[in-house]
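See below for the structure under consideration.
Laboratory data are not the source of any read-out in this text; all were calculated from the coordinates shown. All values reported here derive from a predicted model rather than from experimental measurement. Reconstructed Cβ throughout: ideal geometry from the backbone, glycine too, with neighbour counts over all protein chains shown.
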Amino acid sequence: MALSKNLLLLSLIGCMGATITSLLTPDKNGKMGNVVFGFDSLAGYQSKEYLKSGPYFGAIVGRYGNRIANGKFTLNGQEYTLATNNGGNYLHGGNKGFDKVVWQAEPLPDQNAVRFTYVSADGEEGYPGKLTSHVTYTLTNDNEIRIDYQATTNKATPVNLTNHSYFNLSAGQAEYALSHVLTLNADKYTVVDESLIPTGELRDVSGTVIDFTEPQTIGAGVNQVDGGGYDHNYVLNGSEGELKQAATVYEPTSGRVMEVVTTEPGVQFYSGNFLDGTITGSGGKTFKKNYGIALETQHFPDSPNQPKFPSTILEIGEMYESTTIYKFSVREGKAQAQQ
């Protein structure tokens, strides 16, 4: 299934995970290239190597994206137990999250969009409530891919949906994404412990190697980051629920620019630290450490256990709504960035 609009071409793999498999955009010379990670067929997503490493290429992750401490949370006086599929913690949906289930697809040709629907049963992966989720991908007249999320439930439940695409704006011409120039509209981040669970502290990025409030290449400080790379939730400046700038990424060789706008309060910047070269995708590309980056717009990790964080609890009668937009353009010249 593919959608095209202006200078973008989006491909989706059937209905599994409502997964983006390719996104073609032009470089500064007009040459089209795929800027996301994916496979040419469903078999790639079902291979032993892919399932073992679990990188979630292009998929919708849920019912709760990111981590929940010890795979447990308490809601309305009842404790719920989830899978601990990331060390001793829960991550990205558990054993069979939204990335591994079949979504129903509804093409919306008049809108140049496709709407996916998945109904998660009460008790699935340990969560309370029957959750009905909709994800709509739209290609706009402004060279954007817009992702709109909606969900309703019949019992109170945590919800935190996001898309887990990895980007390399060189379209595979650069061996790594470390030359990409990143700007994040975030003055603070959520401090985490050794297992990447938030402590509850929101700390200023100023003066640290994770400060991207001004443009800098990703490679400038990546080797100074604990854990061998970036895997941080940034607290976005601006109001939750209102569209705001989250990030800008510029790749100097191709001239491609990607802007990320979202209603979410946070974005997880991940520099592909755990990619180990065991997976080969479309075009024969081998996905090695730091070959691409993810910018997962989201609520904060472990929010069900963190009462001071923005709430992720969806109540009966409420509508979960979230929007993220990835806009593409090209730029001539060199980036003004810290090296």
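Using only C-alpha atoms and all pairs of different ones, pull out the Kirkwood radius for the chain in Å with one decimal. Don't skip to the end; give the middle numbers.
Working: mean 1/r = 0.0500 Å⁻¹.
About 20.0 Å, per the Kirkwood formula over Cα pairs.
Only four residue types carry charge here, +1 at the Cβ of Lys and Arg and -1 at the Cβ of Asp and Glu. Report the dipole size of the chain about the Cα centre in Debye, rounded to the nearest 20.
Dipole about the Cα centre, nearest 20: 720 debye.
Take the residue pairs K31/K285; K28/K327; K52/K130 and return only those whose Cα atoms are more than 22 Å apart. Mind dumping the intermediate values first?
Numbers: K31/K285 18 Å; K28/K327 15 Å; K52/K130 29 Å.
In this structure, K52/K130 exceed 22 Å between Cα atoms.
Can you tell me how much longer the chain between K288 and M319 gets when fully stretched, taken as 0.36 nm per residue apart minus their C-alpha distance, in nm with one decimal?
Residue separation times 0.36 nm, minus the Cα-Cα distance, leaves 7.3 nm.
Treating the beta-carbon of each Lys and Arg as +1 and of each Asp and Glu as -1, no other charges, what is the dipole magnitude of the range 8-144 about its Cα centre, to the nearest 20 debye?
Values: 11 positive and 12 negative charges, 74 e Å.
So the dipole magnitude of the range 8-144 works out to roughly 360 debye.
Could you tell me which of rounded, prolate or oblate describes the range 131-273, using a ≥ b ≥ c as the square roots of the eigenvalues of the alpha-carbon gyration tensor, with rounded for a/c under 1.5 and, failing that, prolate when a/b is larger than b/c and oblate otherwise?
Details: a/c = 1.81, a/b = 1.18, b/c = 1.53.
Judged from the Cα gyration tensor, the range 131-273 comes out oblate (a/c at least 1.5, b/c at or above a/b).
Within 10 Å of each candidate Cβ there may be at most 14 other Cβ atoms; applying that plus a DSSP loop requirement, which GluC sites (Glu not before Pro) in the range 160-222 survive?
Values: sites: E175, E194, E201; in loops: E175, E194.
Those satisfying the criteria are E175, E194.
Could you give the nm distance between label points at K48 and D193, where each point is 7 Å from its Cα heading toward the beta carbon?
3.5 nm
Can you find, among V61, T190, T157, the residue sitting farthest towards the positive end of the charge dipole of the chain, where Lys and Arg contribute +1 and Asp and Glu -1 at Cβ?
So the residue furthest toward the plus end is V61.
Taking K188 as the anchor, which lysines have their alpha carbon closer than 19 Å to its alpha carbon, excluding any fewer than eight residues away along the same chain?
K244, K308
Explain nothing, just the number: dipole magnitude of the range 82-185 about its Cα centre with +1 on each Lys and Arg Cβ and -1 on each Asp and Glu Cβ, in debye rounded to the nearest 20.
Rounded to the nearest 20 debye, it is 280 debye.
Using a cut-off of under 19 Å, list every residue of the range 142-183 whose amide N is near the label point 7 Å from the Cα of Q78 along the Cα-to-beta-carbon line.
152-160
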